[in-house]
Amino acid sequence: MLSIASNMGWLLWTADVSTAFLQGCPQECLLWIKLPADALRLLGAPPEARMKLQKPCYGQLDAPRRWYLEAVRRLQSLGLRQHALDPCAFLIYEADFKDKFGSSDSPSNSLGGQGLVGMIILHVDDMLGCGDSTSVVYQGVIQELRKTFSFREWQDGDSLECCGASIVKDAEGIRVGHQAYLKKIKPMSLPKHVGPDHELSQRELTELRGLLGSLQWPAVQSSPHLQASTSMPSGSVSTGRAQAVMDANRLLKFAKENSDVGLSYPPLGPVANLRMITVFDVLSAADLMVRVRVVTLFFWRRGTFWRPRRMFITSWIGGVQNFQE
């Protein structure tokens, strides 16, 4: 999504849904809850009072699922298409709103034959979106979106924060990083004169898992240089030794020292001139006993890279076969 937004010059925005779980689908199972003492005082209820739960609440195993189903229902009711490969991505096409919002006098900065003018990514109660601010359809959908959900916060512009990541847009494209996030993480302390074979307590193990979890989040979002380094200490947690803490603290120091490293999404040029081919190695279903390997596939841009006329596929059955482009 960020690559498309960078290439098309679309506006970025983030939003946080207020009390998302309470906006989820109605409660399915019958639950009676005991309120905290402070809540009882506010309501003027006696200590023995019990409340019937109408909507899922934080802590229920199915609460995130109930909220997701309701969020999908609302987004689809607005006319957005759910992405076929990513169920948390939703697309805004001008072709779906011809009779609703009409058309603008000037052509929009859309993508594709059906006029993609916006995208929304849903992550629990956070939304990250982008779109063509000159499109009448996009403007209308965003207006209805803000009426459909109760948002606690809405930000748009060239400098945003979403799920702990900073997103900055400038003339060179869009950059994503976790520099501010990493600065807030503190190393784990151990008693003095503790060696690497010291056995950790349950409290220390819990703290260690929390530290590694904090590092894994930027590793999979914007810091690929941390991915292998966070995976290895996570595997040593089960040993319950202080060496795992020492490794995690060293990793945190490395992450802080290199916190300016992130992902960059520069504009790639005119969309009409872009072509994409990917490289992959696929093992097909075991019952077919066929292994397929795609050998020559590349990213290229017309006029810049050689355009291959054939791709070669190898398999256990047929050896090497030529397939016309």
From the residues in the stretch 1-36 that are of a type in the set (Gly, Ala, Ser) and closer than 30 Å to ASP170 by Cβ, which one is surrounded by the fewest Cβ atoms within 10 Å (Cβ to Cβ)?
GLY9
Please state which of the following conditions LEU69 fails to meet, knowing it meets all the rest: (1) in contact (Cβ under 8 Å) with a residue 24 or more places away in the chain; (2) among the aliphatic types (A, V, I, L, M); (3) loosely packed, with under 10 Cβ neighbours inside 10 Å.
(3)
Looking at ASP86, is it in contact (Cβ under 8 Å) with a residue 40 or more places away in the chain, under 19 Å from ILE174 (Cβ atoms), charged (D, E, K, R) and in the same structural domain as SER6 (by TED's automatic domain parsing)?
no
Got a sec? Which of VAL137, VAL141, VAL168 is among the hydrophobic types (A, V, I, L, M, F, W, C), more than 16 Å from the chain's Cα centre (by Cα) and not assigned by TED's automatic domain parsing to the domain that holds TRP13?
VAL168
Does the stretch 22-34 contain any residue that is free of Cβ contacts under 8 Å to residues at least 60 places away in the same chain and assigned to a helix (DSSP H, G or I)?
yes
Can you find a residue that is surrounded by fewer than 17 Cβ atoms within 10 Å (Cβ to Cβ) and hydroxyl-bearing (Ser, Thr, Tyr) anywhere in the stretch 90-104?
yes
Which pairs do you get when a residue that is under 20 Å from ILE167 (Cα atoms), found in the stretch 251-276, comes within reach of a residue that is among the hydroxyl-bearing types (Ser, Thr, Tyr) and assigned to a helix (DSSP H, G or I), reach meaning Cβ atoms under 7 angstrom, with the pair 6+ apart or on two chains?
TYR265/SER3; TYR265/SER6; PRO266/SER6; PRO267/SER6
For the stretch 241-266, what are the residues that are in a helix (DSSP H, G or I) and more than 15 Å from LEU182 (Cα to Cα)?
ALA242, GLN243, ALA244, VAL245, MET246, ASP247
Hits in the stretch 158-177 (condition: out of contact with any strand residue (DSSP E or B) (no Cβ under 7 Å at 6 or more places or on another chain) and crowded, with 21+ Cβ neighbours inside 10 Å):
none
Look through the stretch 37-60, keep the residues that are modelled with pLDDT under 80 and of a type outside the set (Phe, Trp, Tyr), and return whichever of them is surrounded by the most Cβ atoms within 10 Å (Cβ to Cβ).
PRO56
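Matching residues to (1) within 25 Å of LYS169 (Cα to Cα); (2) in a loop (DSSP other than H, G, I, E, B):
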residue: ALA39; (1), (2): no, no
residue: GLN54; (1), (2): no, yes
residue: GLN60; (1), (2): no, yes
residue: GLU70; (1), (2): no, no
residue: LEU75; (1), (2): no, no
residue: MET119; (1), (2): yes, no
residue: MET127; (1), (2): yes, no
residue: LEU145; (1), (2): yes, no
Pairs only if they're at least six apart or on different chains, beta carbon under 8 angstrom, first in the stretch 199-223 and touching a residue at least 40 places away in the same chain (Cβ under 8 Å) and in the same structural domain as PHE254 (by TED's automatic domain parsing), second of a type in the set (Phe, Trp, Tyr) and assigned to a helix (DSSP H, G or I); list them, first residue then second.
TRP217/TYR181; PRO218/TYR181
What helices (runs of 4 or more DSSP H), lying completely within the stretch 148-240, carry at least 2 residues that are out of contact with any Ser or Thr (no Cβ under 6 Å at 6 or more places or on another chain) and among the polar types (S, T, N, Q)?
202-221, 227-235
For PHE151: the one exception among (1) in the same structural domain as ASN109 (by TED's automatic domain parsing); (2) under 20 Å from the mean Cα position of the chain (by Cα); (3) farther than 27 Å from GLY115 by Cβ
(3)
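The values are calculated or read from the model by the stated rules, or taken from the named source; none is laboratory data. Predicted model, so just to flag it, every value in this text is computed and none were measured. Don't worry about glycine lacking a Cβ; one is built from the backbone with ideal geometry, like all the others, and counts go over all protein chains shown.
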